Amino acid sequence: MLLPAMAIVRVRAHTVCRAGFFRSVLQTPACSKCPPHSFTRVQGSVACTCEEGYYRRDSDPPNMACTRPPSAPRNAISNVNETSVFLEWAVPEETGGRKDVSYNILCRKISVDSRHYEECDSTVRFLPQRNSLRNNSVMVADLLAHTNYTFEVEAVNGVSELINPGRQFVSLNVTTNQAAPSPVSVVRKGNSGKNSISVLWQEPDRPNGIILEYEIKYFEKDQETSYTIIKCKETELLADGLKPSSVYIFQIRARTSAGYGGFSRRFEFKTSPYFCSTPTVAASSDRSQVPIVAVAITVGVILLALVTGLLLSGRRCGYSKAKQEPDEEKIHFHNGHIMYPGVRTYIDPHTYEDPNQAVHEFAKEIDVSCITIERVIGAGEFGEVCSGPLRLPGKKEFPVAIKTLKAGYTERQRRDFLGEASIMGQFDHPNIIHLEGVVTKTKPVMIITEYMENGSLDTFLKKNDGQFTVIQLVGMLRGMASGMRYLSDIGYVHRDLAARNILVNSNLVCKVSDFGLSRVLEDDAEAAYTTRGGKIPIRWTAPEAIAFRKFTSASDVWSYGIAMWEVMSYGERPYWEMSNQDVIKAVEESYRLPGPMDCPVVLYHLMMACWQKDRNSRPKFEEIVCLLDKLIRNPSSLKALVNSSHRVSNLVEPGSLREASGYQSIEEWLNGIKMGRYVELFMDSGYTSVEVVSHMTVDDLRRVGVNLAGHQKKIINSIQEMRVSLVNNTIPI
Ligand code: AMP
């Protein structure tokens, strides 16, 4: 069977192909016409020769047309986003007759002396790849900021390598934008002691500018809600005031004029056990030098000891004080934190010549098409406050609050309105209202924040009078204190802390809001002009801030005490209907608000501590958070409630209450406060004169037969008001 086949082969091998035809030895014995772009001028060819400018790869079959390299890609465009560039192009007009066209990217950047271009270094990333791209686009990332680059997009195919030179490319010149630094990636531990850890790190791989400072965040492992933030210019830090034998998490980020880069990953370092002795900052010894001065006429010694004990137990919770004047900027040690002299951690947007730059440094621009306004939820100083969903690309939609700037605003109003966003955008804390971004490119200008379902705290409490457990109320106070601790740590003084400026979400989480520049107090209906010209919410403000504008975190602590009082009395107005002038005088004469009804004594004493005349003796927010945490862990400490004797102990003993109150009889008084229904019960129980009534307690009211909590509160408050009038009558004006 084999012989005849061999014979056929031999017979056909004798056929000689004419010019223009070829017969490959490996192929069928018939002659084939030379494929396109090839020729042969002789007979008996086994292959055809490619025309000039056309090529054949070794791997191309002889019957395939000769091909040539493609022409350059067309219509190339670039799209710069900070330090990334997206390059896109159209396929070459001429593919050279092949299907294996691909693209290579050549990257060059201008040299440091700006004289010539040099190859990009290997840190530049190409997505999906740099060479042999089959798609018509590529993303180039991790370029340097503010730098000129040239990209050549070269088209190649299977025969490109056969010609040399003759690259076919299109070139694009690109300048990258300002960009934040890349994350710090190398962090290591230096020496550690039982109370301290030294941390060292390297500059980020891509600083993208001059690093102005680093921000170091650290906290005890699993205690993330309580953390410390420190700013410094060096690449090392000694974190002090730590617990022995404990693991701490450190994260570091760098800041350039373009803003903050991302935080580094979390680095875990441990302090030494107790037996390792390392010198630490003398906090505990200082502590004993700090007297806790309670307002003498107010606080029962035993109960004060309870508060003091709670405040002092535990190093981080103790009253601690730097050796310097606490208000000085040069505090090196403060509540267990190291502070770097002169370094302000919060950046005042006023320091920017162009307020728009500040907004865009700290707030993200949101496209208006991502926002749907559904309803109006409040009225702000600059326009309506609305709510609705925010739909950001690639994210699930979520509800937000939308503050709008009303039409016809002045340039100053626009700047002040957006100033709040420049401030809010610098904060990042679960008890500070979170800024989502701003809309400035279209009108109306908007500030977008997280949505707080229960609105402002004062209104919320009034609506839910008596509805919460003490622990729930303490939880709210804790949230407020934690937000304030964060603000004071980074050097921001709020100046207008009050329940109306706290927002509450659906989980009862309280967040500090209402940040502003000079206008901070101008939009507060409570703010009144002082003799020195400024506008101040008198009832919430510390005496030194009213008298000589000494606004500090210590004056915020005073306001916090008043806000505490508002919470514990379910939104009662501090000092009731007293005039601002009377409040100033009463406070100056050591009068303090009485404990709200049913308020745990320990909380009232904390309020009183916040209202100490000497601002340096007031507790720090750090200490307040610690105390509240302890109370939450130990609810029995909240059982002792303020009773009448405490409620009146801070008041000057009445001389003639009747005169001071302006009421001549019980009947007149009770009718005056719309409680006339109890006149008979009062009389029957022996409360026949205003003087006698002035000593009544809530228990006495119950015994008389006033059982409704709302009525008890109204009557007790009226008694307090009578006392306040008395105090004012006795204060020399
Ligand atoms: P403001 O201008 O910040 O004082 O806001 C005015 C009012 O709008 C507040 O008293 C709240 O009732 C409401 N409001 C402001 N921001 C929010 C928010 N993020 N979530 C819910 N309500 C808000």
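Please tell me if Lys441 is open to solvent by 50 Å² or more (accessible area, probe 1.4 Å) and within 16 Å of the ligand (Cβ to nearest atom).
No.
If you take the residues of the range 354-412 that are open to solvent by 30 Å² or more (accessible area, probe 1.4 Å) and polar (S, T, N, Q), which of them is nearest to the ligand (Cβ to nearest atom)?
Thr372
Cβ-Cβ distance below 7 Å, separation of 6 or more or different chains: which pairs start in the range 671-683 with a residue that is under 13 Å from Gly705 (Cα atoms) and free of Cβ contacts under 8 Å to residues at least 24 places away in the same chain and end on one that is among the charged types (D, E, K, R) and surrounded by 13 or more Cβ atoms within 10 Å (Cβ to Cβ)?
Val679/Glu667
Within the range 561-600, can you find the residues that are assigned to a helix (DSSP H, G or I) and among the aliphatic types (A, V, I, L, M)?
Ile562, Ala563, Met564, Val567, Met568, Val583, Ile584, Ala586, Val587
Thr459 - would you say it is open to solvent by 30 Å² or more (accessible area, probe 1.4 Å) and away from the ligand (no atom under 16 Å from the Cβ)? Explain how you work it out, then say what you get.
On the way: open to solvent by 30 Å² or more (accessible area, probe 1.4 Å): yes; away from the ligand (no atom under 16 Å from the Cβ): no.
Taking the combined requirement at face value, the residue does not satisfy it.
Counting only residues that are open to solvent by 50 Å² or more (accessible area, probe 1.4 Å) and within 22 Å of Leu641 (Cα to Cα), which one in the range 471-512 is farthest from the ligand (Cβ to nearest atom)?
Filtering first and then ranking leaves Ile471.
For residues in the range 173-194 being among the hydrophobic types (A, V, I, L, M, F, W, C) and in a loop (DSSP other than H, G, I, E, B), which is nearest to the chain's Cα centre (by Cα)?
So the residue we want is Ala180.
Residues in the range 665-696 that are modelled with pLDDT under 85, in a loop (DSSP other than H, G, I, E, B) and in contact with a Lys or Arg (Cβ under 9 Å, 6 or more places away or on another chain): how many?
Total meeting the criteria: 4.
Got a number for residues in the range 127-147 being at positive phi and within 36 Å of the chain's Cα centre (by Cα)?
Number satisfying all stated conditions: 2.
Being modelled with pLDDT under 95 and within 27 Å of Gly388 (Cα to Cα) narrows it down to one of Gly479, Gly516, Gly455, Gly466, so name that one.
Going through Gly479, Gly516, Gly455, Gly466 in turn, just one is modelled with pLDDT under 95 and within 27 Å of Gly388 (Cα to Cα): Gly516.
Mind counting the residues in the range 408-459 that are over 18 Å from the mean Cα position of the chain (by Cα), assigned to a loop (DSSP other than H, G, I, E, B) and among the β-branched types (Val, Ile, Thr)?
Residues flagged as over 18 Å from the mean Cα position of the chain (by Cα), assigned to a loop (DSSP other than H, G, I, E, B) and among the β-branched types (Val, Ile, Thr) within the range 408-459 amount to 4.
The values are calculated or read from the model by the stated rules, or taken from the named source; none is laboratory data. Predicted, not measured: the structure shown is a model, and the values here were computed from it. Reconstructed Cβ throughout: ideal geometry from the backbone, glycine too, with neighbour counts over all protein chains shown. Surface areas here come from the heavy atoms of the whole protein model, side chains and all, with no ligands, DNA or RNA. Shrake-Rupley method; radii C 1.70, N 1.55, O 1.52, S 1.80 Å.
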